[in-house]
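This report refers to the structure that appears directly beneath it.
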Amino acid sequence: MPNDIFADLTWRGLIYQATDEALQSWLNSQPRSLYIGFDPTADSLHVGSMLPLMLLRRFQKFGHRPIALVGGATGMIGDPSGKSEERQLLSVESLRHNVAGIERQMRVFLDFEAAGNPATLVNNFTWMSGFSYLEFLRDIGKNFPVNVMLAKDSVRSRIERADSGISYTEFSYMLLQAYDFVHLFDHYGCELQLGGSDQWGNITAGIDLGRRMRSAKLYGITCPLLMDSEGEKIGKTAKGTKVWLSPERTSPYLFYQYWYNIPDADVGTCLRYLTELSREEIESLDASRQQDAGQRNSQRRLAEELTQIVHGAAGLAAARRASEVFFGGEISGLNDSQLNEIFPDVPNHVLQAGALQGDGLGLLDALVMAGLAGSRGEARRLVQQGGVYVNNRRMTDPDYRLTSADLASQTVVVLRTGKKKYALLRLASE
């Protein structure tokens with residue numbers, strides 16, 4: 001990895017705006033402290049949060065000191081940036097729950113025990129909760145020219161909407177985030193704020209406040225938002241659901257599959273923005289994709305790298321095993337939930353709880369019950385022709401009887417005919 005973080009970000013396409021032409025030499029002259037803020041709108045971060053998290057991770061690996069800020073205070077207000085209408089306010093209890101979940105995930109990306117430049121995790125509720133309303137207006141509000149605030153895109157675009165407008169609460173968000181920068185400068189020597197391109201107004205407000213309150217020279221860099229070639233945000237499935245970093249919300253298998261199915265037009269950007277692969281490997285994958293896109297080498301590498309980072313070696317191994325099942329690998333070591341994710345739209349037939357006990361259930365009857373054969377005679381012919389599989393294991397005996405030993409998980413037997421025609425036999429709960 002080169003020593004020039006600015007050059008690395010530039011070739012990856014991660015510099016959208018920068019506040020100073022001298023930033024590159026300033027960053028390279030010595031280790032710097034920098035921060036990114038994350039508002040706790042849910043108890044898990046999602047794929048859109050991976051880009052700023054990986055930015056902090058990159059800076060740490062280049063020797064800088066990253067600060068991850070969880071917005072326990074700003075989350076009570078809601079950032080109007082990029083929003084066309086007022087956010088719903090969360091309760092204090094919900095915010096605390098969300099903050100705890102997000103903090104756990106941040107520890108996956110950052111090293112909080114690194115020698116020399118450990119990451120720091122802060123919650124702005126810690127310092128904002130100590131302000132009275134009058135103190136905040138006197139000490140901070142007086143340093144904010146309203147005409148400057150009105151000129152910010154995030155504010156102006158909302159004010160110009162006759163159907164929604166902006167509340168005083170959200171209008172004040174910029175003051176809170178700006179003061180975060182000043183506080184981190186005071187207590188951690190933080191001189192650089194990073195964020196997505198929609199955060200430019202908030203970042204420059206913090207820089208201006210630092211100049212007014214502390215005569216400090218502060219800096220800002222924004223990166224592009226994670227968008228696909230159609231101009232839509234990356235991180236939602238075809239059904240419109242978010243891809244989360246929490247395994248309880250999005251399993252390692254579904255997380256892996258999301259990246260494996262990224263279109264060719266977007267995978268190069270994702271490799272640059274989200275992975276730590278070298279320039280040489282990424283460009284080699286670009287060339288491979290040009291020569292034979294059908295091999296999906298780029299998507300496979302992307303899925304492996306990101307699943308490893310987010311879910312660890314065990315999560316990647318489980319995702320790979322589940323993916324092999326989908327493409328015909330023998331099924332073992334999975335649970336009901338994983339099988340449901342692999343085969344979400346496959347026909348199910350529910351068996352009585354004791355159907356696989358004793359002599360069990362005849363294979364031919366099972367195929368008819370599952371709708372994979374119209375009759376026992378057709379089922380027999382399918383077995384004799386080598387076209388019947390139990391848990392992706394080929395069956396050759398038409399008189400075979402299924403027992404509890406054939407369960408692929410706690411309650412499911414997976415039947416298949418031909419290459420891709422599946423059905424599930426599911427034991428009813430007792």
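We did not get these values from a lab; they are worked out from the coordinates using the rules stated. As the structure is a computational prediction, the values presented were derived from the model and not from experiment. Don't worry about glycine lacking a Cβ; one is built from the backbone with ideal geometry, like all the others, and counts go over all protein chains shown.
Some values worked out for this structure:
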quantity: Long-range amide H partners of Ala73 with built H, under 5 Å; calculated: Asn124, Phe125
quantity: Estimated dipole of segment 202-335 in Debye, rounded to 20 [Cβ of Lys and Arg +1, of Asp and Glu -1, Cα centre]; calculated: 760
quantity: Value at 222 nm in deg cm²/dmol, rounded to 500, when DSSP H runs of n ≥ 4 in the chain each add -39,500 (n - 2.57); calculated: -13000 deg cm²/dmol
quantity: Neighbour-count ranking [beta-carbon atoms within 10 angstrom, fewest first] of Phe38, Phe343; calculated: Phe343, Phe38
quantity: Estimated dipole of segment 5-223 in Debye, rounded to 20 [Cβ of Lys and Arg +1, of Asp and Glu -1, Cα centre]; calculated: 380
quantity: Ranked Leu427, Leu245, criterion: other C-beta atoms within 10 Å, fewest first; calculated: Leu427, Leu245
quantity: Note, ³J(HN,Hα) from phi for segment 67-76, Karplus 6.51, -1.76, 1.60, rounded to Hz, x at Gly and Pro; calculated: 10, 9, 9, 9, x, x, 8, 4, x, 6
quantity: Residue-wise HN-Hα coupling along segment 124-138, computed from phi with Karplus coefficients 6.51, -1.76, 1.60 (Hz; x: Gly, Pro); calculated: 5, 5, 4, 9, 6, 5, x, 8, 8, 4, 5, 4, 5, 4, 5
quantity: Segment 89-177 - Rg and Dmax from Cα coordinates, angstrom; calculated: 17.4, 53
quantity: Sorted by Cβ neighbour density within 10 Å, fewest at the top, the residues Ser375, Ser288, Ser49; calculated: Ser375, Ser288, Ser49
quantity: Pairwise label distance in nanometres, Tyr133 with Glu160, each label 7 Å out on the Cα-Cβ vector; calculated: 3.2
quantity: D_trans [Stokes-Einstein, Kirkwood Rh over alpha-carbon pairs] for segment 341-427, 25 °C, 0.890 mPa s, µm² s⁻¹; calculated: 194
quantity: Volume per residue of the C-alpha convex hull in segment 139-209, rounded to whole Å³; calculated: 86
quantity: Segment 110-172: GluC sites (Glu not before Pro) in DSSP coil with no more than 16 other Cβ atoms inside 10 Å; calculated: Glu113, Glu160
